[in-house]
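Let me begin by presenting the structure, written as structure tokens, before commenting on it.
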Amino acid sequence: MRPLEDVRILSLEQYGAGPFGSLHLADLGADVLKVEDPGVGGDVGRYVPPFAAGEDSLFFETFNRNKRSISLDLTTDAGRRVFEDLVRESDVVYSNLRGDVPRKIGITYEQLKHLNPAIVCCSLTGFGMTGPRAKEPGYDYILQGLAGWMSVTGDPDGPPTKSGLSLVDYSGGFVAAISILAGLHAARRDGVGGDCDLSLYDTAMGLLTYPATWHLNGGFEPVRTRNSAHPSLVPFQAFEASDGWLVVGCAKEKFWQRLVEAIDRPELATDPRFTDFGSRGRNAAELLPILEAIFAGATVEHWLSLLRPAGVPSGPINDIGQALTEEHTLARGLVVETEHPRFGTVRQVASPVRFGDQRPEYRRAPARGEHSVAVLRALGYDDERIAELTAGGAFGKDSAQVAP
């Protein structure tokens, strides 16, 4: 069996952060059942351009492989009854909605424990379910600004800059996955579930890590650094070669010693201005122009051919295409394929989460409501019951999806 094959997650998820979190659990074998609102066309990720047509998009494929889908309108009594039957047979109710919405729609532990005392209710919201911003929507870009990330990203002479990837969203997804697994463990040990009140804001703040500690305890004021330089280690930054850029990092003194030998400038190691971390930091304005002039004199490949054998941490600054075709990317099996009726063979990156030697099997993302019939039959619903629920609006206008 796959590690999470005995876990069912009811997921009221949408767009990126929520689906990204459950994606890794689905790849590990969990039955992630997307509960999609037929009134709004399901998960908004289905419609994200530019690679989108109808209710299919490559964005949606990226975050929803190996999952199932049922269309269910929780605002109707009939839809709510189906949802509650699903809760009775599930382990987790997972959502990424605005902070005040989980209680409004009745998906917190207090509201569901009478159906299943061991249910784990995980809510990944923008700002959490408490606090002055609880009712505000949370978006990655805004949170990178609020949490101070943009103040330390980008060139010193340029504007505050966001990460090129939605790292608050994706980190929030990982936080949700960890919390779900912790909640599952506790619920199976104790027989009692509970709430996971998570937020993208908390995630972004938590990722401030040591700069926050330095500031809180030593008054440290982080600043943007030229060429993405490390705030305290010199040299550890991007350098421009004659045909591109590379990163060189001396995180230990031994790497500095190796670097100066590899670039044929051994005298720099004994120069009193550059003998240790402290002196190199104080004299960075003198050292870095020397190194920049050296690296500008040859190609990226040339420098890496010297630095790697010498054991100096270094690497090229690839574009996306180069990263995806890196020898190590392919050797680690990080590009996987699914088959899709509209897009044909869809290639995408694998989850980095792994356990044991068994590799996941990959199945395309579900069409909206694709698994409604199978899910309802598994609940023991007969044709008459399904017809009654359909008439009650449980499945919105998608009654054809659940026709006996």
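The values are calculated or read from the model by the stated rules, or taken from the named source; none is laboratory data. Note that the coordinates shown come from a computational prediction; the quantities given were computed from them, not determined experimentally. Here Cβ is always computed from backbone atoms with ideal geometry, including for glycine, and neighbour counts include all displayed protein chains. Note: accessible area is taken over every heavy atom of the protein model, side chains too, but ligands, DNA and RNA are not part of it. Shrake-Rupley method; radii C 1.70, N 1.55, O 1.52, S 1.80 Å.
If the requirement is being closer than 30 Å to Gly126 by Cβ, touching a residue at least 60 places away in the same chain (Cβ under 8 Å), in a helix (DSSP H, G or I) and small (Gly, Ala, Ser), which of these qualifies: Ala177, Ala182, Ala212?
Working: Ala182 fails: touching a residue at least 60 places away in the same chain (Cβ under 8 Å); Ala212 fails: touching a residue at least 60 places away in the same chain (Cβ under 8 Å).
The unique qualifying residue is Ala177.
Give the stretch 191-205 a look and list any residue that's closer than 17 Å to Leu115 by Cα and either without any contact (Cβ under 8 Å) to a residue 60 or more places away in the chain or open to solvent by less than 70 Å² (accessible area, probe 1.4 Å) (or both), or say none. Explain how you work it out, then say what you get.
Residues of the stretch 191-205 that are closer than 17 Å to Leu115 by Cα, as a first pass: 191-195.
Gly191, Gly193, Gly194, listed by residue number.
Tell me which residues, restricted to the stretch 246-288, are of a type in the set (S, T, N, Q) and open to solvent by 30 Å² or more (accessible area, probe 1.4 Å).
So the first thing to find is which residues in the stretch 246-288 are of a type in the set (S, T, N, Q), and the list is 257, 270, 275, 279, 283.
Matches in the stretch 246-288: Gln257, Thr270, Thr275, Asn283.
Going by the conditions given, is Thr225 of a type outside the set (A, V, I, L, M, F, W, C), at pLDDT 95 or above and under 27 Å from the mean Cα position of the chain (by Cα)?
no
Which residue, of Phe59, Phe127, is part of a helix (DSSP H, G or I) and more than 20 Å from His371 (Cα to Cα)?
Working: Phe127 fails: part of a helix (DSSP H, G or I).
The conditions single out Phe59.
Name, by its number, the condition in (1) within 26 Å of Gly173 (Cα to Cα); (2) open to solvent by 60 Å² or more (accessible area, probe 1.4 Å); (3) assigned to a helix (DSSP H, G or I) that does not hold for Glu361.
(3)
Just to check your reading of the model, which residue among Gly42, Gly29, Gly18 is at positive phi and either under 19 Å from the mean Cα position of the chain (by Cα) or of a type in the set (A, V, I, L, M) (or both)? Steps first, please.
Working: Gly42 fails: either under 19 Å from the mean Cα position of the chain (by Cα) or of a type in the set (A, V, I, L, M) (or both); Gly18 fails: at positive phi.
Going through Gly42, Gly29, Gly18 in turn, the sole match is Gly29.
What number goes with the only condition from (1) assigned to a helix (DSSP H, G or I); (2) under 35 Å from the mean Cα position of the chain (by Cα) that Asp195 does not pass?
(1)
In the stretch 289-300, which residues are touching a residue at least 40 places away in the same chain (Cβ under 8 Å) and either over 14 Å from Ala238 (Cα atoms) or open to solvent by 30 Å² or more (accessible area, probe 1.4 Å) (or both)?
First, the residues of the stretch 289-300 that are touching a residue at least 40 places away in the same chain (Cβ under 8 Å): 291-292, 295-300.
Answer for the stretch 289-300, where residues must be touching a residue at least 40 places away in the same chain (Cβ under 8 Å) and either over 14 Å from Ala238 (Cα atoms) or open to solvent by 30 Å² or more (accessible area, probe 1.4 Å) (or both): Glu292, Ala296, Gly297, Ala298, Thr299.
Could you please find all residues in the stretch 216-228 being open to solvent by 80 Å² or more (accessible area, probe 1.4 Å), assigned to a helix (DSSP H, G or I) and free of Cβ contacts under 8 Å to residues at least 60 places away in the same chain?
Going residue by residue through the stretch 216-228, those that are open to solvent by 80 Å² or more (accessible area, probe 1.4 Å) are 216-217, 221, 223, 226, 228.
Remaining after also requiring assigned to a helix (DSSP H, G or I): 216-217, 226, 228.
Across the stretch 216-228, the qualifying residues are Leu216, Asn217, Ser228.
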